[in-house]
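Data first, discussion second: the structure below is written as structure tokens.
The values are calculated or read from the model by the stated rules, or taken from the named source; none is laboratory data. Just so it is clear, the model here is predicted, and its values are computed rather than measured. Neighbour counts are summed over all protein chains in view; Cβ atoms, including those assigned to glycine, are modelled from backbone coordinates with ideal geometry.
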Amino acid sequence: MNIIGKRYWFFGLSLAIIIPGMIFLAMGGLHPAIDFTGGSLLQLKFTSGQAPQPASVELALARLGITGPSVQTVGTDSIAIQAQEMDTTTKDKVAKALSSEFGAATVTQFESVGPALGSEVAQRAAGTVALAALAITLYITYAFRRVPNAFRFGIAAVVAMIHDVLVVIGGEAILGHFLGWQADSLFLTALLTVIGFSVHDTIVVFDRIRENELQYKRIPFETIVNHSVVQTLDRSINTSLTVLLTLLALAIFGGVTTRHFILILLLGMASGTYSSIFNAAAILVVWENREWRTWFRRGPAQASAA
Amino acid sequence: MGQRHLRWLIVIVILLGIDLWINWPGTTSVRIGPYSQNVSLREGLDLQGGLEVLLEADVPANQAVDATSMDAVRAVIESRVNGLGVSQPVVQLSGSRRILVELPGYENPQDAVALIKQTGLLEFVDAGTTPLVAGMQVRTDVAGNGAAQATPSAEPSQSLSPSATPQSTPASTETLAAGATTGTPAAGAATAVPTPTGPVYHTVMTGADLSSVNAGADQLGKPVINFVLSAAGTKIFSDYTTSHVGQYLAIVLDDQVLSSPVVETPITNGQGQISGSFTVESANALAIQLRYGALPIPLRVAQIETVGPSLGQDSLRRSLVAGAVGMSVVALFMILYYRLPGIVADVALALYFLTALSIFRVLPVTFTLPGIAGFVLSVGMAVDANVLIFERLKEELRGGKPLRAAVEAGFSRAWLSIRDSNFSTLITCIILYWFGGAFGASLVKGFALTLAIGVLVSMFTAIIVTRTFLHLVLDRMDFSRRHSWFGI
């Protein structure tokens, strides 16, 4: 099985998955939740079992002085109102007014975030992702220090990680575009977990490469890498399979509140497994052969590419 | 079987015993001699419903906040929260300028928030010869100094109901200027009022001089606050009232006048009563605030969230079902693919589950829905290490190594992979925990913590437990006749 030989095929497949996601991202598919933007979220459940039309609720809110709210129906008997930050007195006022106008309702959820806090969280979030990537690169470089060019292992792992991050963000953008899902702190948690796990998987492959490289010093690099990937195929897939099975169970049987979180994790972990097997090691080979020199040149390939 | 393995076996059996003891259905606490530890599972806010508030120091963004003051603020808030009688409240510093307060099961967010965040600075202010209107904002000279000195000037009577005991209330003319309006201290902090201009009044004494405070009722049944002064306070008060009979002494809370009674007679016994337009709840709330002191740094609400419990319980049930299904599937997979070692791995997995659960009970770790998801995820990852070891084992056996040597080789070669891959997960958990901590995002923290504990415990069970049991079972086995038991 020549996985490394077909590496550009697999790079292409990765791009085919990532690019649509990026398109939706550019179209504004990623909706940050109030955790990152500030504002308030109020969810009301109507005891009559019938929620009013969002348009009439928006009118009622405007009368109360709430500017620019967005109202959505949730299920058949609840509505979710998103508006600017409101304190508890305002919230009670709104709940009472809506109850008297549309029928008795109870507050099932209320959340309000000040805008300063929201933007601070957003900034920290970006920093956290960067920090995680950096920390992991450094750790891998250290762990592989006895192998020649240890730094490449770290970088290759991070590139695979970035691949997974892009897949996840793209996936969220697509879901956000079609289903209106929002990215909240849990989304960020899922993203960071995917980062940690992506490397978890990549290391299994790299480990074998390290072992083989130290042992078979005279065999060409590309051959060693391909051999290692094929040897570890079993365990790569199985380690991911167990995790994916548990996540699948959670997605199917678990409650609706964590479903978004679990689906992102599923997507990320699947991508992590794929990138570990088909991308991470291939990157090492590309680097070793310095293949970027041939990407833009037409004509015979360099002799060193062998 | 080697000595080493026997020793580990004993450790494992003891661990199992402890796990069963802690997790036995119906156990809510365990006792060792005089020490007792509550081990019931804690439910987070998203499971039992309640209120979560993130408070921030209300000072300009570029002004530094002193750590000792924030600690003092936290302590005061914790006392106030305990005064509310909520079970298992959480009051934690979050970053350097914020405090996270969680009140599980609390029904009335509005009252709670007001109680917690209000500064609560009570002042007794010399109003001179005219009473101050209740509800008006005044400026006093208290900023910077604690209890101001009493300025002596001669006047007798005092109408601050000098009560022999805090409960009984002799008739006293309380001269409240034009009654009405916002005597309720709870609402006082909500309105943003511009800094009042006008005379600066002299503060005679502050709430720091109160030694005890209680909410009670006067003769007419109206809610009042009864207080007893400390020794120093008693002296100041008695000096002041002796020299200011006939003048007005305003009682001010957070720069807003509660009432402004006239001093009818000197009060020397250090006891008194504050009346105003209180409701029973607001009197109780104020008593709690006064009891534990004013906040050294003013606070504002940065984020607030209330959760209804019904959503949580349903999700909890489903998550538990999902977890059970997930783990069964994984256990089944291990047996099908790895046969005999797979069974050993499942035993290790069961022990892992119990041990992690015990740790969660004892630490304690509060369970949130993402936390439970993290736990289930870690079960999937726990088997990881076993997969690596067994694949290695198969390789070594195929390569012709004798069984015992193959087992050892499998473990030692796989250890490096296990260590490195689990470490990277741990690094992300640490970063997540730190990130969540800075913003009081308990869901994020909960997930990070459960995953991290899961990873650590699973490293132990996967390696030590599996290895011990494999040796226990295999060392005397003749492998050559039992290939199929290993899935080869």
Can you spot a residue in region B:40-55 that is outside the structural domain of residue B:350 (by TED's automatic domain parsing), over 27 Å from residue A:255 (Cβ atoms) and at pLDDT 80 or above?
yes
Within region A:1-45, tally of residues that are part of a helix (DSSP H, G or I) and either farther than 30 Å from residue A:95 by Cα or of a type in the set (Lys, Arg) (or both)
20
Looking only at region A:86-118, and only at residues there that are modelled with pLDDT of 80 or more and among the acidic types (Asp, Glu), the one that is surrounded by the most Cβ atoms within 10 Å (Cβ to Cβ)
A:111
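Can you report the number of residues in region B:1-24 which are touching a strand residue (DSSP E or B) at 6+ places or on another chain (Cβ under 7 Å) and either β-branched (Val, Ile, Thr) or outside the structural domain of residue B:457 (by TED's automatic domain parsing) (or both)?
Final tally of qualifying residues: 1.
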With the first residue restricted to region A:221-240 and required to be over 25 Å from residue B:345 (Cβ atoms), and the second required to be of a type outside the set (A, V, I, L, M), Cβ contacts under 7 Å at 6 or more apart or on different chains are A:221/A:288; A:224/A:212; A:224/A:213; A:224/A:216; A:226/A:2; A:226/A:5; A:227/A:212
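Scan B:53, B:90 and give me the residue that is within 14 Å of chain A (Cβ to nearest Cβ), within 13 Å of the chain's Cα centre (by Cα) and under 24 Å from residue B:112 (Cβ atoms). So that I can check it myself, show each step before the final result.
Working: B:90 fails: within 14 Å of chain A (Cβ to nearest Cβ).
Of B:53, B:90, the one residue that is within 14 Å of chain A (Cβ to nearest Cβ), within 13 Å of the chain's Cα centre (by Cα) and under 24 Å from residue B:112 (Cβ atoms) is B:53.
Select from region A:259-281 the residues that are among the hydrophobic types (A, V, I, L, M, F, W, C), over 24 Å from residue A:154 (Cα atoms) and more than 10 Å from chain B (Cβ to nearest Cβ) and list them in ascending order. Give the derivation first.
The initial filter retains those residues of region A:259-281 that are among the hydrophobic types (A, V, I, L, M, F, W, C), namely A:261-267, A:269-270, A:277-278, A:280-281.
The next check asks that each one be over 24 Å from residue A:154 (Cα atoms); those that pass are A:261-264, A:266.
If the condition is that a residue be among the hydrophobic types (A, V, I, L, M, F, W, C), over 24 Å from residue A:154 (Cα atoms) and more than 10 Å from chain B (Cβ to nearest Cβ), then A:263, A:264, A:266 are the ones that fit.
Quick one: which residue in A:256, A:230 is surrounded by fewer than 17 Cβ atoms within 10 Å (Cβ to Cβ), on the phi < 0 side of the Ramachandran plot and more than 10 Å from chain B (Cβ to nearest Cβ)?
Values: A:256 fails: more than 10 Å from chain B (Cβ to nearest Cβ).
Result: A:230 is the single residue among A:256, A:230 that is surrounded by fewer than 17 Cβ atoms within 10 Å (Cβ to Cβ), on the phi < 0 side of the Ramachandran plot and more than 10 Å from chain B (Cβ to nearest Cβ).
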From the option list A:170, A:176, A:127, single residue qualifying as closer than 28 Å to residue A:19 by Cβ, in contact with a helix residue (DSSP H, G or I) (Cβ under 7 Å, 6 or more places away or on another chain), of a type outside the set (Phe, Trp, Tyr) and surrounded by fewer than 24 Cβ atoms within 10 Å (Cβ to Cβ) is A:170
Scanning region A:107-127 for residues that are in contact with a Leu (Cβ under 7 Å, 6 or more places away or on another chain) and among the β-branched types (Val, Ile, Thr) gives A:107, A:108
Based on this model, can you work out whether residue A:239 counts as hydroxyl-bearing (Ser, Thr, Tyr) and at the interface with chain B (Cβ under 10 Å from one of its Cβ atoms)?
yes
When you check residue B:294 against the structure, is it outside the structural domain of residue B:250 (by TED's automatic domain parsing) and either in a helix (DSSP H, G or I) or within 19 Å of residue A:243 (Cα to Cα) (or both), yes or no?
no
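Determine whether residue B:359 is closer than 30 Å to residue B:24 by Cα, over 25 Å from the mean Cα position of the chain (by Cα) and modelled with pLDDT of 85 or more.
Numbers: closer than 30 Å to residue B:24 by Cα: yes; over 25 Å from the mean Cα position of the chain (by Cα): no; modelled with pLDDT of 85 or more: yes.
Here the answer is no, as residue B:359 does not meet what is asked.
Condition check ((1) at pLDDT 80 or above; (2) touching a helix residue (DSSP H, G or I) at 6+ places or on another chain (Cβ under 8 Å); (3) assigned to a strand (DSSP E or B)) across all residues:
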position	(1), (2), (3)
B:221	yes, no, no
B:225	yes, yes, yes
B:228	yes, no, yes
B:234	yes, no, no
B:239	yes, no, no
B:242	yes, no, no
B:250	yes, no, yes
B:264	no, no, no
B:273	yes, no, yes
If you go through region A:210-220 one residue at a time, do you hit one that is hydroxyl-bearing (Ser, Thr, Tyr) and at pLDDT below 85?
yes
Do we find a residue being modelled with pLDDT under 85 and closer than 19 Å to residue B:418 by Cα anywhere in region A:170-183?
no
So residue B:354 passes all but one of these: (1) of a type in the set (A, V, I, L, M, F, W, C); (2) within 30 Å of residue A:88 (Cα to Cα); (3) in the same structural domain as residue B:380 (by TED's automatic domain parsing). Which condition number does it fail?
(2)
For region A:61-80, enumerate the residues that are among the aliphatic types (A, V, I, L, M) and either within 14 Å of chain B (Cβ to nearest Cβ) or farther than 26 Å from residue B:111 by Cα (or both).
A:62, A:71, A:74, A:80
State whether one or more residues within region B:39-50 are without any contact (Cβ under 8 Å) to a residue 24 or more places away in the chain and hydroxyl-bearing (Ser, Thr, Tyr).
no
Identify, by number, the condition in (1) more than 8 Å from chain B (Cβ to nearest Cβ); (2) touching a residue at least 12 places away in the same chain (Cβ under 8 Å) that residue A:203 doesn't meet.
(1)
Looking only at region B:101-132, which residues are in contact (Cβ under 8 Å) with a residue 12 or more places away in the chain and out of contact with any helix residue (DSSP H, G or I) (no Cβ under 7 Å at 6 or more places or on another chain)?
B:117, B:119, B:123, B:124, B:125, B:126, B:127, B:128, B:129, B:130, B:131, B:132
Counting only residues that are away from chain A (no Cβ under 11 Å), free of Cβ contacts under 8 Å to residues at least 60 places away in the same chain and not small (Gly, Ala, Ser), how many does region B:323-362 have?
5
Every residue from region B:372-412 that is at the interface with chain A (Cβ under 8 Å from one of its Cβ atoms), within 21 Å of residue A:212 (Cβ to Cβ) and in contact with a Leu (Cβ under 9 Å, 6 or more places away or on another chain)
B:387
Could you check how many residues of region B:437-459 are more than 8 Å from every other protein chain (Cβ to nearest Cβ) and either free of Cβ contacts under 8 Å to residues at least 60 places away in the same chain or not in a helix (DSSP H, G or I) (or both)?
4
